[in-house]
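Student: What follows is a single structure, and I will ask about it in a moment.
Read the figures in this text as sums done on the coordinates, not as results from a lab. This structure is a prediction, so every number in the text was calculated from the model and none was measured. Here the Cβ is made from the backbone with ideal geometry for all residues, glycine too, and neighbour counts use every protein chain on show.
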């Protein structure tokens, strides 16, 4: 299960959050935990370089893309390697929508489309799509090219 | 050039200053949402408003019920627009709002229409939205379309239906299970993701059907799997099949091993890791099977990607727990990871090295760790401390450097949990390594001089009181203890007073000096401290006479408190103040086992501090009360033990009966709890006829029938037997329920005048050895073992014959004896070939008994066991052997 996908800006403010199977009372805790994790470790990290952490049986893979930091949390089958696949799909899709690693402004400009991409990638805790070209078409309700 | 740079910066500033959502406000956006109602829809504007609504939701803004309903109704109007981009936004928005059950109806018809649309993408999205908002009844209506969609030639439609199936399986399993033929077909799909989703769903549908899973794995491992994700699933399912079938195969011809091994050469790293993990987790994996997996993992230790290094070291860390020697080859690579930027990787590397290192490498490793400790968080430090504790237990000769390390980190800054882990480790080392005792105690003394945690101070003081008097020079600890009386809060002061008294009671030479110190405590500002000082001075002879303290006094003051606190609390709550003083002997000693639900509490809340599940109400007291209310049982004496209820009928039969066995010194009482589950019947004069022909040492002395047993109103029948005193007499009892049945009119509730005699056969009931033992734990088995002494020790060896596993053999013996496992020794590490289990308890007649079981595998499956018993009575030691010999 992919427990959470979070986008935050440089100041640690949340831009997009998606939780699946995490009780409402724990979400705030997760938000602050992830943002602190990013603040402690993401300084000086190259775009899309993946960092990893674990807390008991929960795995966290996170990275930075332009001004935006991205966190993916998972457990069971979604271990650090599966989460790398998820975050790679997300970063590719965001770059595709924004044209390059986005500034915060650019990210917000493309906010609606990024939400749609995320909707295509993660569907209630499960990975649904992995290819950016297909996602690009799906968010415009176009069938995939290989079909 | 310079100008250009300036210009760029300006642009950037403008960008940063302006956000499309600056000053966004819920009320205004809701106003804007009225645009959804326009007869001429502006698709672009509508999309922008939906984006704003999404932004608000993501910022944690909540909509009231009315606001959400209004937005939802307005959004449904957008189905009129043919604009594709807007339609995609509408699907997302409906999912985000999650309309309530009574609102769903508004949008159902539009979605049903889309689900049958010629436009594939409408179909895919409509399926996802419908499955998100639907309930069981609607699902039955659309099931036909979903089944078609699973085998749709458009992979997006098929995936949408399959992933929806995965979610719906949680809420409507009986419907989704009907799709297995279609899902089976989808597993063969050429589209990689469809195959991945179908495989996941098919396995979930069939996970309880071993044969089906085995067939699925067999066919797919031979066929083509199109994506690394699906390949990972297949490896996981393959491991499951191997696990379930692996017990009767010899290592070397393990099914599917070749498949797993071939996956180690896959081009995707994800698959390689999954296969390596599967191999390392095989039951009874041999070194030969492990080697290729370890080699692959070792290569990843020096990968440039942190995720791969992490995955490799995490897997090797696990392997090191069971096969440390197999990981030794990776030690050099692992050592370089101690300085890894990523602290999770560094901690895993260190703890792995601590498990795999040899005695000669300990000092070098400790040096490296010292540098590392200063810059990691407490949670990582705790892991390291625990690993060091295990290392010290493994290499006791290295206690000096390891104890030094622990005492150094004890002086540094740290939170409660971290300090507690260090103190616990030092305490364990003191207990297990006699040479480490004096240095360890002094480290603890120094720590309490400057300890900010009351809990830890009192724990250490208590421990000092036990261990300090046994050292060569007990007086050196007195100063540290007495300092606490001056410098600490009341809780610690009270603890210090008790510790001082323990020194006084145990060491006669110290007595006069201890009395002087205790007398000073009589003027303390706190009641508890003064009370304790007074009690100790009076009982230990603080009036000036220096005499050897009486054993009874020592037991009273400092003896082990062998009553579970929960039971004591319940008994005290039930005690009604009266002339009669509270009798501590009336408190039951039985440890109630944890309810299953608590043990199985899901670990899905990694950080949650949710309230602990509440335990069951203490039944021991209620049994005692019920039994003492029956005059015939009054002279039976103290109740020794009440068993868990044993079911004597199958579930969902006409009459539900279970029995609780109450054990007294010379009697056994069976309490039959009966429930009549037929509304049309009233049972009268209900008795249980007990046949004890296979329990001839028992003789029935009393039976109390039940006058009437109406529908759904449980009642009890009691039958008492006499048996030889204090002897664990065994026997089998067969039971028949006899009664007069009267028909009841369910409408009026009136029963017929005439009744018919009838009887109902119940299951047999056994009195087993475990009925005569009480589970009573000890806090320190070693100390308890030493203090009970070898006078009545009995030792013998037994062959237990072929067993499924070592763990199964250990469990069987524990259950047979009915004693309390101590110090977690009931858990057998996987792949162990030998294991020691420690048990403690009380035998009937209130005789303490301790058992040490050493198991070993003799040949592939045969288990041999050495049983050593110590108790306060030789007949009990013999009885325990008797139980095992005849069990």
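Student: Using only Cα positions of region B:715-822, each an equal point scatterer, no hydration layer, compute I(q)/I(0) via Debye at q = 0.11, 0.13 Å⁻¹ and quote the log10 values to two decimals.
Tutor: -0.68, -0.82
Student: Take peptide B:113-120, look around each residue's Cβ out to 10 angstrom, count Cβ atoms belonging to other protein chains, and average those counts. Please list the in-between numbers first.
Tutor: Details: counts 0, 0, 0, 0, 0, 0, 2, 5.
Mean shielding by partner chains, rounded to a whole number: 1.
Student: To continue, here is another question. Quick one: check the C-alpha center-to-center distance for region B:50-74 versus region B:269-315, whole angstrom.
Tutor: 47 Å
Student: Full-extension gain between residue B:368 and residue B:556, please, as 0.36 nm times their residue separation minus the C-alpha to C-alpha distance.
Tutor: 62.8 nm
Student: Still on this structure, please answer the following. What order do you get for A:46, B:177, B:398 when you list them from fewest to most C-beta neighbours inside 10 Å?
Tutor: Numbers: A:46 7, B:177 14, B:398 17.
Ascending number of Cβ neighbours within 10 Å: A:46, B:177, B:398.
Student: For region A:64-147, how big is the tail of P(r) above 16 Å, as a whole percent of Cα pairs? Could the numbers behind the result be given before it?
Tutor: Values: 1781 of 3486 pairs.
Of all Cα-Cα distances in region A:64-147, 51 percent exceed 16 Å.
Student: Turning to a different aspect of this structure: What does the C-alpha gyration tensor say about the overall shape of region B:40-169? Classify as rounded when a/c is under 1.5, otherwise prolate if a/b is larger than b/c, or oblate.
Tutor: Numbers: a/c = 1.87, a/b = 1.44, b/c = 1.30.
Prolate, since a/c reaches 1.5 and a/b exceeds b/c.
Student: Shifting gears a bit: In vacuo Debye scattering of region B:772-886, one point per C-alpha: log10 I(q)/I(0) at q = 0.21 Å⁻¹?
Tutor: Summing over Cα pairs of region B:772-886 leads to -1.14.
Student: Just from its helices, what would the mean residue ellipticity at 222 nm be for chain B, if runs of 4 or more DSSP H residues each count -39500 (n - 2.57) and the sum is divided by every residue, rounded to the nearest 500 deg cm²/dmol? Before the final figure, lay out each step's value.
Tutor: Working: 38 runs with 464 residues, N = 887.
It comes out at -16500 deg cm²/dmol, rounded to the nearest 500.
Student: Can you give the relative contact order of chain B as a percent, counting alpha carbon pairs under 8 Å and 6+ residues apart? Please list the in-between numbers first.
Tutor: Details: 1249 pairs, mean separation 37.1, N = 887.
Relative contact order, chain B: 4 percent.
Student: Sort region B:608-764 into rounded, prolate or oblate with this rule: let a ≥ b ≥ c be the square roots of the eigenvalues of the Cα gyration tensor; rounded if a/c is under 1.5, and if a/c is not under 1.5, prolate when a/b is larger than b/c, oblate otherwise.
Tutor: Numbers: a/c = 1.98, a/b = 1.25, b/c = 1.59.
In terms of gyration-tensor shape, oblate.
Student: If you don't mind, another one. Average the reciprocal distances over every distinct pair of alpha-carbons in the protein assembly as shown, invert the result, and give the Kirkwood radius in Å. The partial results should precede the final answer.
Tutor: Working: mean 1/r = 0.0289 Å⁻¹.
This gives a value of 34.6 Å.
Student: A further question on this structure: How long is the gain from residue B:171 to residue B:786 if the chain were fully straight, where each residue apart is worth 0.36 nm and the alpha carbon distance is subtracted? The partial results should precede the final answer.
Tutor: Numbers: separation 615, 0.36 × 615 = 221.40 nm, distance 5.66 nm.
In short, 215.7 nm is gained.
Student: Normalized C-alpha radius of gyration of region B:103-161, against 2.2 N^0.38 Å?
Tutor: Values: Rg = 10.5 Å, N = 59, 2.2 N^0.38 = 10.4 Å.
That works out to 1.01 for region B:103-161.
Student: If you don't mind, another one. Just to confirm the number: angle between the C-alpha axis of helix A:80-98 and the first principal axis of chain A, 0 to 90 degrees, nearest 10?
Tutor: Taking Cα atoms only, the helix is inclined about 50 degrees.
Student: On a 0 to 90 degree scale, rounded to 10, what angle separates helix A:24-41 from the longest Cα axis of chain A?
Tutor: Tilt of helix A:24-41: around 90 degrees.
Student: List B:630, B:94 from most exposed to least, where exposure is judged by having the fewest other Cβ atoms within 10 Å.
Tutor: Values: B:630 15, B:94 24.
Ascending number of Cβ neighbours within 10 Å: B:630, B:94.
Student: Does anyone have the angle between helix B:84-97 and the longest principal axis of chain B? Alpha-carbon axes, 0 to 90°, nearest 10?
Tutor: 20 degrees
Student: Here's a follow-up. Consider just the alpha-carbon atoms of region A:11-122 and return their Rg together with their Dmax, both in angstrom.
Tutor: Over region A:11-122's Cα set, Rg and Dmax evaluate to 13.4, 37 Å.
Student: Hey, another quick one. Using Cα centres only, tell me the gap between region B:406-453 and region B:138-184 in whole Å.
Tutor: About 59 Å separates the Cα centre of region B:406-453 from the one of region B:138-184.
Student: Taking chain B as the region of interest, what is the percent of Cα-Cα pairs per 20 angstrom bin, listed from the shortest bin to the one with the maximum distance?
Tutor: The calculated distribution, bin by bin, is 10, 28, 35, 23, 4, 0.
Student: With the contact rule set at Cα under 8 Å and sequence spacing of 6 or more, what percent relative contact order holds for region B:347-455? Before the final figure, lay out each step's value.
Tutor: Working: 78 pairs, mean separation 27.9, N = 109.
In percent, rounded to a whole number, it is 26.
Student: Would you mind pulling out the separation of the Cα centroids of region B:634-700 and region B:334-363, in Å?
Tutor: 59 Å
Student: Shape of region B:122-191 from its Cα gyration tensor (a ≥ b ≥ c, root eigenvalues): rounded if a/c is under 1.5, otherwise prolate when a/b > b/c, or oblate? Before the final figure, lay out the partial values.
Tutor: On the way: a/c = 1.93, a/b = 1.31, b/c = 1.47.
It is oblate, given that a/c is not under 1.5 and a/b is not larger than b/c.
Student: I would also like to ask the following. In angstroms, what radius of gyration and Dmax does region B:209-285 have, counting Cα atoms only?
Tutor: Values for region B:209-285 (Cα only, Rg and Dmax): 11.7, 33 Å.
Student: In addition: Just counting partner chain Cβ atoms within 10 Å, what average do the residues of peptide B:87-98 show around their Cβ? Before the final figure, lay out the partial values.
Tutor: Working: counts 1, 10, 6, 0, 3, 7, 1, 0, 3, 2, 0, 0.
Other-chain Cβ atoms within 10 Å of each residue's Cβ, averaged: 3.
Student: A follow-up question, please. Mind checking the mean number of beta-carbon atoms from other chains within 10 Å of the Cβ atoms in A:48-56?
Tutor: Values: counts 0, 4, 5, 6, 11, 6, 6, 4, 5.
The shielding value for this peptide is 5.
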